[in-house]
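To start, the structure itself, in structure tokens.
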Amino acid sequence: MRNDLLNPETHDLLVRYLLGDLSTSERERLEEEYFVHEDTWEALAAIENDLIDAYVKGKLPERERQQFENYYLRSPRRQRRLEFARSLMDAGLRKELATPVDSPVSLIPQPDEPRRPARFSLNAVVRWQLLASAAILVIVSFLFWQNYRLRIQVRQLQSEQRQASSSVLGIPGQQAGTASPADNRSMPVIPLALSPGILRDSGSSNALAAIRRGASPSVVLMILNLERDPYSQYDVILQTAEGQIIERTNGIRSKPASNGGRSITLAVPSDLLAKGDYIVRIVASTRNHVAVVDSYAFSIIQ
Amino acid sequence: MGQKLRGKQDDFLRLLARLSPERERAWQEYARLRQKLVMFFEPHLEAEELAEDVLDRIAQKEDTYPISNVTEFAFGVARNLRKETYRRDQAKVSVADDEDLPAGKSKSENTLIDAIDTEKKRRCFSLCLEHLNPEQRRWIFEYFPADDWQLDERRHQLAQKLNLSGGALRTRMTRLREKLENCCGRCVGGQRKNGTRPGLDQ
């Protein structure tokens, strides 16, 4: 398949796959192919990048542009990839970075460097490849171990949330620093149930909740009750009242709440929360922009 | 709970062992398989969760369950799960886009969030670039230029300078881009107040 990279038919097939333009049988054949053959997979990855770049630069033909927007960009991960490509090719950003990008690529020895035989250059390339491979391996390993570990932690927190809800949740202002009942090794958990509305109705009684932190490190477990649940996943932004972002967690899905509605749980180490006022915003990314779904407020009073 | 956690870890280690007896190689295989699964389920909104689901299902198979080729097996599981998901989705009301949300959500809030996001992304992009060495930065900027002026010719020259074929250069730049992209994603999604800097080599 590698030699087929330059084959226009294969290229066209991969592009059409990414744009959702293949028949079911063509699609399934190609999927089986890239699962089994690494060359096909690498070609697909490269063509996906080309497709994103062409879109960013406005170079896709009209029909493909529409397919790209209507089909390809439905996935949140792909929307993030598009954002990244925009940064990557943002001329203004490059100027800001003040990197001498206009200087020629220099694997050719510079005038003040001793000229080395070609064999050494090749060794340098091989070394670079080895180092890059090792670095990628470390990053990928770390990412996926983290991912796996976080998923387990989320499930653990959901279990703790259910237990906490039955006792002290729903009483804003009450300190409830109790050790996690599920695991003695966990830090104490301060549950905090929040209802939306602070920005729309700052006078309402449940618009502002206040908690006291204990002296020892703990986890503030926020249960963010949703008024509506129109999206499949959300991003949660915790910021100070002045706008400084403390924590951002992406791709959270809502869960059934104890009140029969839906809620999102956010766990924040208490040492990130100094005394002061905070706002939590739940946002959802759509194809066109980011929409604020709900906002909450609380204060750390001690 | 502790037992459940240990069970999960055991499942995961069993999956890694199935992928390769050599741990590092197993991690690479796992990462690659996950990428393929996400691509397989996309553009479904829950593609990443569905990919995790497939990996969980395979991980839970006992040692005695014969799997001669994990990737091919994963493809079969994924195909079945996609059918299940289509059936499930057909029974659901379609997800609302923000046009369907009640009017009146303040535009200023959206603008604020957009501005925060944009600024953060720029900062993260800059930080992650710093983690590349100067040559890698030049390669990135040269291969993915802001303009398209003589793009093919410039890429051809870059390949020559690196003593690589066009295909090999493309593969290398795809990986370098992925590395940078992963760093930015991690930074934007998880940067904390305590000033920890995102890195390519964490």
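The values are calculated or read from the model by the stated rules, or taken from the named source; none is laboratory data. In this text the structure is predicted, and so the values were computed from the model without any measurement. Quick reminder, even Gly has a Cβ in these numbers, built from the backbone with ideal geometry, and neighbours come from all protein chains shown.
Test A:His11 against the criterion of being out of contact with any Asp or Glu (no Cβ under 9 Å at 6 or more places or on another chain), within 20 Å of B:Arg170 (Cβ to Cβ), without any contact (Cβ under 8 Å) to a residue 40 or more places away in the chain and surrounded by fewer than 18 Cβ atoms within 10 Å (Cβ to Cβ), and give yes or no. No. Every listed requirement among (1) facing chain A (nearest Cβ under 10 Å); (2) more than 19 Å from A:Arg27 (Cα to Cα) is met by B:Arg18 save one, (1). If you check A:Ile223, A:Ile279, A:Ile252, A:Ile237 for being modelled with pLDDT of 80 or more, closer than 30 Å to A:Glu69 by Cβ and more than 8 Å from every other protein chain (Cβ to nearest Cβ), only one passes: A:Ile252.
Checking B:Gln90, B:Gln160 one by one, the residue that is farther than 21 Å from A:Ser87 by Cα and either modelled with pLDDT of 85 or more or within 9 Å of chain A (Cβ to nearest Cβ) (or both) is B:Gln160 and no other. Selection of the stretch A:12-27 for residues being over 27 Å from the mean Cα position of the chain (by Cα) and aliphatic (A, V, I, L, M) yields A:Leu13, A:Leu22. Regarding the stretch B:66-73, can at least one residue be identified that is crowded, with 18+ Cβ neighbours inside 10 Å and within 24 Å of A:Ser232 (Cβ to Cβ)? The answer is no, given that none of the residues of the stretch B:66-73 is crowded, with 18+ Cβ neighbours inside 10 Å and within 24 Å of A:Ser232 (Cβ to Cβ).
Considering only residues in the stretch B:121-131 that are more than 7 Å from every other protein chain (Cβ to nearest Cβ) and buried (at least 18 other Cβ atoms within 10 Å of the Cβ), the one that is farthest from the chain's Cα centre (by Cα) turns out to be B:His131. Kindly indicate which of B:Phe12, B:Phe40 is assigned to a helix (DSSP H, G or I) and either modelled with pLDDT of 90 or more or charged (D, E, K, R) (or both). Testing whether each residue is assigned to a helix (DSSP H, G or I) and either modelled with pLDDT of 90 or more or charged (D, E, K, R) (or both) leaves just B:Phe40. One residue stands out in the stretch B:163-187 among those that are of a type outside the set (A, V, I, L, M, F, W, C) and within 16 Å of A:Leu82 (Cα to Cα): the one that is surrounded by the fewest Cβ atoms within 10 Å (Cβ to Cβ), namely B:Glu178.
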